[in-house]
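Scroll down for the structure; my scribbles are underneath it.
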Amino acid sequence: MRRALPLALLLAAAPAAGAPRARPCAEIRLLLPAAPAALDPALLHGSADLLAARALHAGILEPGPGGSAAPALAEEPPQVSADGRLVRLRLRAGLRFHDGAPVTAADAVESLSRLLRPETRSPHGWIAAPIEGAEEVRAGRARVPSGLSAPSPLELEIRLTEPAPAFLRGLAAPPAAVVHAGSLAGAGPYRPAARAADALRLAAFPGHFRGRPWCEALALAWPEPAAAARRLARGEAEVAVRPEAFPGHAPRELPLATAVVVQVRAQRLGTSAEPVRRALLALDRAELARLLRGPARPLASLDPSAPAAPAPAAPPTGPLPPRLGLLAPASLRALADRIQVKLFDRGVRVAVEAVPDAAFAARLEAGLHELALVPAALASDDPALALAQLATALGGPARGDQVLRDAARLGPAAAAAAAEAELGAVPLALAWLRISAAPGLQGLAPAPDGTFDPGGLWLLPAASEGRAGP
């Protein structure tokens, strides 16, 4: 139970004899990088969605040490057959969703199946793609993959088409969270309480598998950068997860990364595609990455085995089109404009079309552009899964599935090289977030994947005095 704090945390909270003991707090205020666009795990899109999902939902598994997956709603580690194709899981007894319904294996079957169904339009089908019969569901010929079953209310069996080393880690990603089949209610440490245009209030859920969170409420807001800095400086927020570094704070990087690539649409450019791609490769991508506001890393940094980044390509040779359209989400307009200037210097004329972030995915799917600046908020820090998610965003579900199979056979680095060539992708950078905390906030010890558990946050007594209740 969360209310029985680990001894190490209690000692940290009371370093001297007579110091006040930690006690429940009324509320923790968390500033997000943007408004959550979706709270349904199957539809998570941006970093703000992923952060909110960690508070609202729970999965069968969660990230474990060393790239493993540990039990969450499951009561014990998964049992995997000798050939790596059959996975058995048993759920904890007595768990309930926020709406009071019991958590069952049938709900887990439904949640994973929803990722594949065409009407859901989930960008995270790569999680369930290795399951036997996944293609039948994607094609609309079945509602549930043949390899997914619930032999009893608490038992789940998953048969894979072939061994998939990253599959269990995928079950630990936020989009794989289990929701109640009837209401999409979650089983996370907090439940929805109230939503306004600029804030989302969550209430502690006593039925969470780790026990009731230490604080009674979690208040989420997403102000502009200047307003976020003021709130943190004035003590009007306890923690901010944003790209910016705030004065007076020593933020740490949170590896909740967004991969940013430029895609060259060969089907629209024909013989001009390769010269345009070479022009992009010749740009100083480190300079471009600095426009992402937060700390940036090479895309290959997800995979330590990946080779060092190659030297910039030689200037393009060959026919260039008179003018190209560059599609970009509005949030990356400054980066798109800079790419436009840099390409003009190399003889490539580009017209930027920035569309609202919410409309970007549909416009990208329509394919009515020559270039696209594509961000993908990665739901997993596993290199193979991150690559599959990015390939799905660029080339659709079938391409994401193939990349996942290639990564299992050849390794993520080789699979990435093949995918980049086929999809016309020019990687720019990984944009990471920073986490800044006010004095007195505890529980930010990083999880095995480098993120944090919102349900584990709490305040030292002095920091919570005088706070209003939820």
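The residue list Ala408, Ala415 contains one member that is touching a Pro at 6+ places or on another chain (Cβ under 7 Å) and in the same structural domain as Gln263 (by TED's automatic domain parsing), which is Ala408.
Go through Ala227, Ala273 for me and flag whichever is assigned by TED's automatic domain parsing to the domain that holds Gly450 and of a type outside the set (D, E, K, R).
Every option except Ala227 fails the conditions.
Per the conditions (1) part of a helix (DSSP H, G or I); (2) more than 30 Å from Ser68 (Cβ to Cβ); (3) modelled with pLDDT of 90 or more, the sole criterion not satisfied by Leu373 is (1).
When the test is whether a residue is crowded, with 16+ Cβ neighbours inside 10 Å, among the hydrophobic types (A, V, I, L, M, F, W, C) and within 20 Å of Leu394 (Cα to Cα), Ala377 passes it. Here's a check for you: in the stretch 443-455, which residue that is over 15 Å from Ser47 (Cα atoms) and buried (at least 20 other Cβ atoms within 10 Å of the Cβ) is modelled with the highest pLDDT? Residue satisfying both the conditions and the ranking: Gly455. Residue check: Ala417 meets all listed conditions (1) at pLDDT below 90; (2) outside any helix (DSSP H, G or I); (3) within 29 Å of Ala336 (Cα to Cα); (4) among the hydrophobic types (A, V, I, L, M, F, W, C) but one, namely (2).
Look through the stretch 195-208, keep the residues that are closer than 18 Å to Ala38 by Cβ and either at pLDDT 95 or above or small (Gly, Ala, Ser) (or both), and return whichever of them is surrounded by the most Cβ atoms within 10 Å (Cβ to Cβ).
Applying the first criterion (closer than 18 Å to Ala38 by Cβ) to the stretch 195-208 yields 195-202.
Next cut, either at pLDDT 95 or above or small (Gly, Ala, Ser) (or both) only: 196-197, 199-202.
Details: Ala196: 8, Ala197: 5, Ala199: 15, Leu200: 24, Arg201: 18, Leu202: 30.
Restricting to residues being closer than 18 Å to Ala38 by Cβ and either at pLDDT 95 or above or small (Gly, Ala, Ser) (or both), the top hit is Leu202.
For the residues Val352, Val348, Val374, the requirement of being touching an Asp or Glu at 6+ places or on another chain (Cβ under 7 Å), of a type in the set (Val, Ile, Thr) and not assigned by TED's automatic domain parsing to the domain that holds Trp126 singles out Val352.
Scoring Gly395 on the criteria (1) in the same structural domain as Leu343 (by TED's automatic domain parsing); (2) crowded, with 21+ Cβ neighbours inside 10 Å leaves a single failure, condition (2). When Ala229 is tested against (1) among the aliphatic types (A, V, I, L, M); (2) within 24 Å of Leu457 (Cα to Cα); (3) within 23 Å of the chain's Cα centre (by Cα), just one condition goes unmet, and that condition is (3). The residues of the stretch 253-297 that are under 17 Å from the mean Cα position of the chain (by Cα) and of a type in the set (Lys, Arg) amount to a single one, Arg297. Do we find that Ala128 is surrounded by 17 or more Cβ atoms within 10 Å (Cβ to Cβ), among the aliphatic types (A, V, I, L, M), closer than 28 Å to Leu394 by Cβ and modelled with pLDDT under 95 in this structure? It is false that Ala128 is surrounded by 17 or more Cβ atoms within 10 Å (Cβ to Cβ), among the aliphatic types (A, V, I, L, M), closer than 28 Å to Leu394 by Cβ and modelled with pLDDT under 95. Yes or no: the stretch 184-191 includes at least one residue that is crowded, with 22+ Cβ neighbours inside 10 Å, out of contact with any helix residue (DSSP H, G or I) (no Cβ under 8 Å at 6 or more places or on another chain) and under 24 Å from Ser380 (Cβ atoms). So far as the stretch 184-191 goes, yes, one or more of its residues are crowded, with 22+ Cβ neighbours inside 10 Å, out of contact with any helix residue (DSSP H, G or I) (no Cβ under 8 Å at 6 or more places or on another chain) and under 24 Å from Ser380 (Cβ atoms). Restricting attention to the stretch 149-170, the residues being outside any loop (DSSP other than H, G, I, E, B) and not charged (D, E, K, R) number 10. When we screen Leu51, Leu86, Leu95, Leu39 for residues that are surrounded by 22 or more Cβ atoms within 10 Å (Cβ to Cβ), on the phi < 0 side of the Ramachandran plot and not polar (S, T, N, Q), the only hit is Leu51.
One residue alone among Ser111, Ser122, Ser146 is outside the structural domain of Gly411 (by TED's automatic domain parsing), touching a residue at least 12 places away in the same chain (Cβ under 8 Å), crowded, with 17+ Cβ neighbours inside 10 Å and assigned to a loop (DSSP other than H, G, I, E, B), and that residue is Ser122.
The values are calculated or read from the model by the stated rules, or taken from the named source; none is laboratory data. Keep in mind that what you see is a predicted model, and the values were worked out from it rather than measured. Using ideal geometry, Cβ is built from the backbone for each residue, glycine included, and neighbour counts are taken over all protein chains shown.
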